[in-house]
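A short reminder: the numbers here are calculations on the coordinates, not readings from a lab. In this text the structure is predicted, and so the values were computed from the model without any measurement. Note that we place each Cβ from the backbone using ideal geometry, even for glycine, and neighbour counts take in every protein chain shown.
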Amino acid sequence: MKRELTRLIAGQICLHACMAGMRMSAPLMALRSGQSEAAVGVLLALFALTQVFLALPAGRYADAHGLKRPVMWSVLMAFTGAGLAALWPIFPVLCVSALLTGGATGGAIIALQRHVGRAVQDVTQMKQAFSWLSIGPAFSNFIGPFTAGILIDHAGFQWAYAAMAVLPLLGWLCIRRTRELPPVIKPDGHEKNRAWDLLNAPMFRRLLMVNWFLSACWDVHTFVVPILGHERGLSASAIGSILGGFAIAAALIRMLLPILAARMQEWQVITGAMLITSALLGVYPLMHTAWTMGACSVLLGLSLGSVQPMVMSTLHQITPEHRHGEALGLRLMGINASSVLMPILFGAAGTVIGIGGVFWCVSAVVGLGSRSAYMLRVHKTHG
């Protein structure tokens, strides 16, 4: 299992790094070519928008076909998206590339997470496996933009896009040797399931709500901290360091989670993280220096970084095995819808109640929402 998990993580890193590199380089090229900030905002939103609409069909496709076929289509989508940008680096093509690479990443992640959840032997191993799998995006968020940035400075945008197109192919080389698991046989009477059937389950609905609360916290930090830093008169490098501290802390805690997974239950980690996050968001606007904001950012990264593996483990325990992919698709759809809508909502709210008010509102919602996380302590595993 360990060797196979290593290959899956490597493949995930390659696919996600392609999208991360495109997400950095395409907006930069658009700005340099004279596109407006509004146009660049639309371009960035397209990376998440495809996943909103494709996540649920991708999950059902993974339930029907397993791991390799969904990943193969994702690899082809990502290769096509980055390759088109390399051949025709104009704004309309960059928009198509954003749709393709964003959708490809979402589809591949659903198939990979579903496979890992089915491959483990027990709950403890599941938490550990998802902890290791969650480390991948932290590395890919560095590898993709760093590689693209170096190539842009020394060879140009088209070479950067070409390099991004190669990454999904490397990912396929890692994943294609993975042993496919036996298909799940649907129970009688479940041939025509609808997404609403899953949403009717109180535990799953509660988990999605908790996941959305935490996703909103991630979004408020990513999109509002630069504005708060600007209000405080901080330099761009200081703001970048604050956000970088958050990302490093989130990656570090995930490296420790495989050890903690054997000692703590999912609901304990999620509830604790929500309470800590609520407190940190409450004091964040009161911080006026780069050092104090950086300290809050690191602590917030440790708190929020611990959550995703526990959410994934819980999801696999409370949903039917033959619908794991569909459940993962619903979760990803909610996260990406949040990523599209939250910046708009935060911006509008900030003009009315101020940036500090945005932090305090999210802090209150997450604090109150921790009760839902506490109620996840009663698990019922579905066959």
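Kyte-Doolittle mean at least 1.0 and Cα extent at least 24 Å along the axis: which DSSP H helices of the chain qualify?
Numbers: long enough: 2-32 (44 Å, 0.44); 37-65 (41 Å, 1.13); 68-87 (28 Å, 1.02); 91-119 (42 Å, 1.02); 123-154 (48 Å, 0.57); 157-175 (28 Å, 1.56); 202-231 (42 Å, 0.67); 236-260 (36 Å, 1.92); 266-283 (26 Å, 1.30); 324-374 (41 Å, 1.12).
Passing helices, by number: 37-65, 68-87, 91-119, 157-175, 236-260, 266-283, 324-374.
Under a GNM of the chain (C-alpha, springs under 10 Å), which listed residue has the highest mean-square fluctuation: C14, C217, C361?
Result: C361 has the largest fluctuation of those listed.
Using the count of nearby Cβ atoms within 10 Å as a rough guide to exposure, how do L173, L67, L281 rank from fewest to most?
Ascending Cβ contact count within 10 Å gives the list L173, L67, L281.
Give the separation of the Cα centroids, the stretch 270-344 to the stretch 1-34, in Å.
Centre-to-centre distance over Cα atoms comes out at 21 Å.
How much space per residue, in cubic angstrom, does the convex hull of the C-alpha atoms of the stretch 25-104 take up?
70
Set Lys and Arg Cβ to +1 and Asp and Glu Cβ to -1, take the dipole of the chain about its Cα centre, and tell me which of P258, I353, V366 lies farthest positive.
The residue sitting farthest along the positive end of the dipole is P258.
By what distance, in whole Å, do the Cα atoms of the stretch 77-222 stretch along each of the three principal axes, largest value first?
Extents along the principal axes: 56, 39, 32 Å.
Among T277, T124, T292, whose mean-square fluctuation peaks in a Gaussian network model of the chain (Cα, cutoff 10 Å)?
T292
Please name whichever of L67, A273, A45 sits farthest to the positive end of the charge dipole of the chain, dipole taken about the Cα centre and charges placed at Cβ: Lys and Arg +1, Asp and Glu -1.
The Cα lying farthest towards the positive end belongs to L67.
Which of T6, T147, T319 comes first, and how do the rest follow, when ranked by fewest Cβ neighbours within 10 Å?
Going from least to most buried by this count: T6, T147, T319.
If you bin every alpha carbon distance in the stretch 265-333 into 5 Å steps from zero, what whole percent lands in each bin?
That works out to 3, 16, 20, 16, 15, 12, 9, 6, 3, 1, 0, in percent per bin.
Please compute the Kirkwood hydrodynamic radius of the chain from all pairs of different C-alpha atoms, in Å with one decimal.
It works out to 21.2 Å.
For the stretch 2-175, just the Cα atoms, rotate onto the principal axes and tell me the three extents in Å, largest first.
54, 31, 23
Among 110-119, 224-233, how do they line up by average Cβ neighbours within 10 Å per residue, starting with the highest?
110-119, 224-233
Between S131, S235, S372, find the one with the highest GNM mean-square fluctuation for the chain; connect C-alpha pairs within less than 10 Å.
Fluctuation is largest for S235.
Any idea what Rg and Dmax come out to for the stretch 197-377 if you just take the C-alpha atoms, in Å?
16.5, 53
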